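The values are calculated or read from the model by the stated rules, or taken from the named source; none is laboratory data. Computed from a predicted model, the values in this text were never measured in an experiment. So basically every Cβ, Gly included, is an ideal-geometry build from the backbone, and we count neighbours across all protein chains shown. In case anyone asks, the SASA skips ligands and DNA or RNA and just uses the protein heavy atoms, side chains included. Shrake-Rupley method; radii C 1.70, N 1.55, O 1.52, S 1.80 Å.
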Amino acid sequence: MSKLQSGIYHIIAKEYEGETLPLEVEIKDNKIVRITPKKEMTPGGLEEAVFTRLPKQIIDEQSLEVDAISGASHSRRGLLNAIEQVITQAGGSAKNFHRQTKPVDHISKEQEKSNNLKSDVSFRMKEYDFWRQIPEEVFKEIDVDFLIVGAGISGLAAAVQAGSEGIDSLVIEKNGFVAGNGGGVEGIFGINTKMQKEVGIHAEKEKIIAKEAEMGQYRVDGSFWVDLVNNSAENIDWLVKQGVQLTKVDDYHGTCMFPTFHWFKGGFASKGYVPFMKKRADKLGVKFLLETSAKSIIFEDNKVKGVYAQTPEGMLKINAKATLLATGGVGHNAALIEKQGWSTKNLHYCSMPSNTGDGYQIAMSLGAKDMLRESPEFMMNYIQALPHEGVHLYLDPINGFMSLPSGGPVVWVNQNGKRFVNENVKKYNLLYQRMAIGATKVTYQIFNQRIYDELTKNVPNAKEILAEGVEVNEGNSLFKADTIEALAKAVNLPEETFAETMYKYNKFAHNKRDEEFAKDAAMLVPIEEGPFYIARLDPSNLIGIGGVGSNQNFEVINDKFERINGLYIAGMDSTMQYRNVYTITLGGSACSHNVNSGRHAAMNAKKYIEATFTTNS
């Protein structure tokens, strides 16, 4: 084994969308001792998660075997490739920094033949085959009946249900705390619940289901909605019995068609749901292992039989009769979000860095039905030059998903300087604010001081915040000018076309009739008096849907709709009731699905365990 030459090395790590990140790597005494990013990174973003957490692991373990820890992405691959180049420059071999694992083909030739797997299925299985590798060293082996991977909304619901069913259950969670991405959830959907009846709210379930089908373009199996809606009231009653605290029910700030949104105490699940469900699960004897990440799936005899999991003490083998994936979706994995068709350039993450699509990738490694391209993202707009720190950006009164960048009495133009959509489309669905933008190269929002002042009249220091945003201009995303023509020059729009667009729009506003996109008359406000502003609208992602195909028992299925024995899916990893657009007609429907899928996955896992493992001996 060649000795590494000590010194400080400079290398460029390649990321996604052509972005690069300079690194300074120090080697001393034949070891990698320091990996320092030489660029400021957005706090809480994917880039920071990769280039701060993973270098520490590389240094601590003197190993480049980190892909299986956080999931594949362009940034992670870029980091590993860069460090491999440094090792080569230092006279070493990158092979010496990879722990040897024994790949195993869990899918037999007979099974592949019988399933008649398509080429794209085989490709996915190969792409994610590291999720089927057997670690060389295992420090401990344990046995449980039911393994739950993930301790968010659905994982906790499954844990409490499993405990109530008397199943010997274990929950593993990669974070050092329970809640996952679910801590920021504000409420849950329910129809004809006790809370609604007490305040005189009544709705006909079939009309709600019909509206969901209509908004989903009749592309989903509506029986999934029937089950969810019919179970919703009982699920909420069950939650209350477990100790969950709810405060009121409404239509979520007027954004939903029906008053079905039941608010958690304190406005977040981290206060009204998580602590009470964890306490209940503990009382029922459910075991939890935190800072424990699933690293590969155990698949033998045509059955999923648990996982290998990384713990602070080492690799743990968990033998389980049934396994539930509840890992929270793909909301912090740029490669998977791109796979859905979204641009991730300047993407701000409102999800937990731990939501890297582990459940999706595990399922794909076993040939599961891939629903990712048809699954929606909770994608919104933000303006990079305005405040956008942290995971709660979506609630920001200036830059949030119901604020300035979401549309309304403003103008949106594409790269050609033309309008392309009703700028108040959010009134039909908050998530529509980003849908048409996906069809443009870039989208700019135009407003003036008068409009801004009206939209932010209840926000302290709003004028100062806008002025600072223009001055600092992070990402070259916000410009101020005294004329429309100057706005066009600021972002290199075709001046004549843009000027014509604004002229026609102002004419529509004076006539109170939008002759292009029929925007509401109340939202047609002339933009004739300066100062004027133009802002680039970038994507902000709150929830990442996992896109794993499942049946109504919440069993993972393959392309032939056959179950993968012993493998269940819940929460944002499993949302068969949506296609492309998250229909927010029902406020809190995602959370309701999380609870419903977690509960019923546990119930069905018990039936599977009893039917499969009970013997007469």
How large is log10 of I(q)/I(0) for the range 342-399 at q = 0.15, 0.24, 0.31 Å⁻¹ when the intensity is taken from the Debye formula with one equal scatterer per alpha-carbon? -0.59, -1.07, -1.37
Rolling a 1.4 angstrom probe over the protein heavy atoms, how many square angstrom per residue are accessible across the range 401-485? 45
Straight-line reach from K140: which aspartates and glutamates have Cα under 12 Å away, leaving out those fewer than 8 places along the same chain? E313
With all protein chains present, the range 187-289 has a carbon and sulfur share of its accessible area (1.4 Å probe) in percent of 53
How far, in nm, would the chain grow between S63 and T20 when pulled straight, counting 0.36 nm per residue and subtracting the alpha carbon separation? 13.2 nm
Under unit Cβ charges (Lys, Arg +1; Asp, Glu -1), what dipole magnitude, rounded to 20 debye, does the chain have relative to its Cα centre? 740
Whichever aspartates and glutamates have a C-alpha closer than 15 Å to that of K427, once near sequence neighbours (fewer than 8 apart) are set aside: D251, D520
Descending packing, highest mean Cβ count within 10 Å first, for 125-131, 33-39 is 125-131, 33-39
Need the C-alpha centroid separation for the range 432-459 versus the range 173-189, integer Å. 30
Which whole-number value in Å² is the accessible area per residue of the range 125-250, probe 1.4 Å? 43
Check: C-alpha center the range 367-410 vs C-alpha center the range 331-351, spacing in Å is 11
Lysine pairs in the range 467-528 with alpha-carbon atoms under 16 Å apart, 8 or more places apart or on different chains: how many are there? 4
With the full set of protein chains in place, find how many percent of the accessible area of the range 399-439 is carbon and sulfur; take the probe as 1.4 Å. 51
Residues with beta-carbon under 11 Å from that of G216, excluding G216: net charge, scoring Lys, Arg +1 and Asp, Glu -1? -1
12 Å beta-carbon shell around A233, net charge (K/R +1, D/E -1): +1
FRET efficiency, E40 to K339 (Cβ-Cβ, R0 25 Å, nearest 0.05): 0.35
If you scale each eigenvalue of the Cα gyration tensor by 5 and take the root, what three semi-axes come out for the range 261-303, rounded to whole angstrom and sorted largest first? 31, 14, 11
All other residues with a Cβ under 10 Å from the Cβ of G314 taken together, and with Lys, Arg as +1 and Asp, Glu as -1, what is their net charge? -1
For the range 127-280, take the convex hull of the Cα atoms, compute a quarter of its surface area, and give me that in nm², please. 12.5
In this structure, among K197/K271; K39/K339; K205/K560; K31/K174; K211/K426; K56/K95, pairs with alpha-carbon gaps over 21 Å are K197/K271; K39/K339; K205/K560; K31/K174
If each residue of separation counts as 0.36 nm, what is the full-extension length gain between V459 and V199 once their alpha-carbon separation is subtracted? 90.4 nm
Put R373, R419, R563 in order of accessible area, largest first, 1.4 Å probe: what do you get? R373, R563, R419
Expected sort for 149-161, 594-606, 276-288 on mean C-beta neighbours within 10 Å, highest first, is 149-161, 594-606, 276-288
Using the Cα centre as the reference, give the magnitude of the dipole from point charges on the C-beta atoms of the range 369-431 (Lys, Arg: +1; Asp, Glu: -1; all else neutral), rounded to the nearest 20 debye. 300
Antiparallel %, DSSP beta bridges [both residues in the chain], to 5: 70
Taking the dipole about the Cα centre of the chain, with the C-beta of Lys and Arg at +1 and of Asp and Glu at -1, give me whichever of G200, A158, N458 is farthest to the positive side. A158
What Kirkwood hydrodynamic radius, in Å, does the range 431-507 give when the mean of 1/r is taken over all pairs of distinct Cα atoms and then inverted? 14.3
How large is log10 of I(q)/I(0) for the chain at q = 0.06, 0.08, 0.10, 0.12 Å⁻¹ when the intensity is taken from the Debye formula with one equal scatterer per alpha-carbon? -0.35, -0.61, -0.94, -1.26
Checked the range 218-312 with the C-alpha gyration tensor, a ≥ b ≥ c its square-rooted eigenvalues, rounded below a/c of 1.5, otherwise prolate if a/b is larger than b/c and oblate if not; verdict oblate
Summing -39500 (n - 2.57) over every DSSP H run of at least 4 residues in the chain and dividing by its residue count gives a helix-only mean residue ellipticity at 222 nm, to the nearest 500 deg cm²/dmol, of -9000 deg cm²/dmol
Can you tell me which of 500-511, 530-541 comes out highest on packing, and rank the rest after it, using the mean Cβ neighbours within 10 Å? 530-541, 500-511
